[in-house]
Amino acid sequence: MIQIRQKHALSRYRQQVRAVQAARQTLESALMDSGALVEGCLVVARTVCGKAACRCRTSKRWRHGPYLHLSLLRKGRTRMIHLPKAWEEEVRAGVEAARRFRKAHQQWRALNKQLENLWRQVERNRKHMPYEPKKKDR
Ligand SMILES: [Zn+2]
């Protein structure tokens, strides 16, 4: 027979499994969202233009802008992509959505690890001896 104490532990682990599954379900709904994800981060910077004679090259205070850029890591190098002002809201939302996605995915992986441990506990607590081993007198 399964010992009472083991039964209690088992029911506790089963409750924990349900709780982790519910939390994972919530995250999965967020991960399934189809909104656009934009890689990189938004940077506002004042820039130097391509004209050799332009005064923007003489001092930082003559630089153009401030302009909105998307900063991206490509092949180990940071690339700055200029963004038209009209795109700002959309790109900002995409960058924010990408950040939330990464965070939710990370949490999802952590929950899976928790679940993996819980299944192990469930297995341990369901195992029992088919007979009582004889206790030796000390
Ligand atoms: Zn210039």
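Of the residues Val91, Ser11, Leu118, the one whose Cα sits farthest towards the positive end of the charge dipole of the range 4-126 is Leu118 (charges of +1 on Lys and Arg Cβ, -1 on Asp and Glu Cβ, taken about the Cα centre).
Determine the distance separating the Cα centre of the range 1-48 from the Cα centre of the range 64-138; give it in Å without decimals. Comparing the Cα centres of the range 1-48 and the range 64-138, I get a distance of 8 Å. Ellipticity at 222 nm from helices only: DSSP H runs of n ≥ 4 in the chain, each -39500 (n - 2.57), divided by the residue count, give -18000 deg cm²/dmol.
Near Arg102, once Lys and Arg are set to +1 and Asp and Glu to -1 for all other residues with Cβ below 13 Å from its Cβ, the sum equals +2.
Relative contact order of the chain: 34 percent, from C-alpha pairs under 8 Å at least 6 residues apart in sequence. Looking at the range 4-126, I'd like the Rg to Rh ratio, where Rg is from alpha-carbon atoms and Rh is Kirkwood's inverse mean 1/r. Value, to two decimals: 1.32. Across Glu88, Glu123, Glu28, mean-square fluctuation computed from a Gaussian network of the chain (C-alpha pairs under 10 Å connected) peaks at Glu123.
In the neighborhood of Glu123, defined by Cβ-to-Cβ distances under 13 Å, what is the net charge if each Lys or Arg adds +1 and each Asp or Glu adds -1?
Overall, the nearby charge balance is +4.
Compared with the alpha-carbon gap, the fully stretched path from Leu31 to His128 is longer by 30.9 nm at 0.36 nm per residue.
In plain terms, the residue of Tyr13, Tyr67 with the fewest other Cβ atoms within 10 Å comes first and the most crowded comes last, giving Tyr67, Tyr13.
How far, in nm, would the chain grow between Gln121 and Lys135 when pulled straight, counting 0.36 nm per residue and subtracting the alpha carbon separation?
Gain on extension, Gln121 to Lys135, equals 2.4 nm.
Could you work out how far helix 4-32 tilts from the main Cα principal axis of the chain, as a 0 to 90 degree angle to the nearest 10? Relative to the chain, helix 4-32 is tipped by roughly 20 degrees. Placing pseudo-labels 7 Å out from each Cα toward the beta carbon at Val48 and Ser71 gives an inter-label distance of 1.8 nm.
If one takes the longest principal axis of the Cα atoms in the chain, at what angle in degrees, from 0 to 90 and to the nearest 10, does the Cα axis of helix 88-126 lie? It is inclined by approximately 10 degrees.
Quick note: the coordinates plus some simple rules give every number you see, no bench work behind them. Since the structure is predicted, the reported quantities are computational estimates derived from the model, not experimental observations. Every residue, glycine as well, gets a Cβ built from its backbone with ideal geometry; the counts of neighbours run over all protein chains shown.
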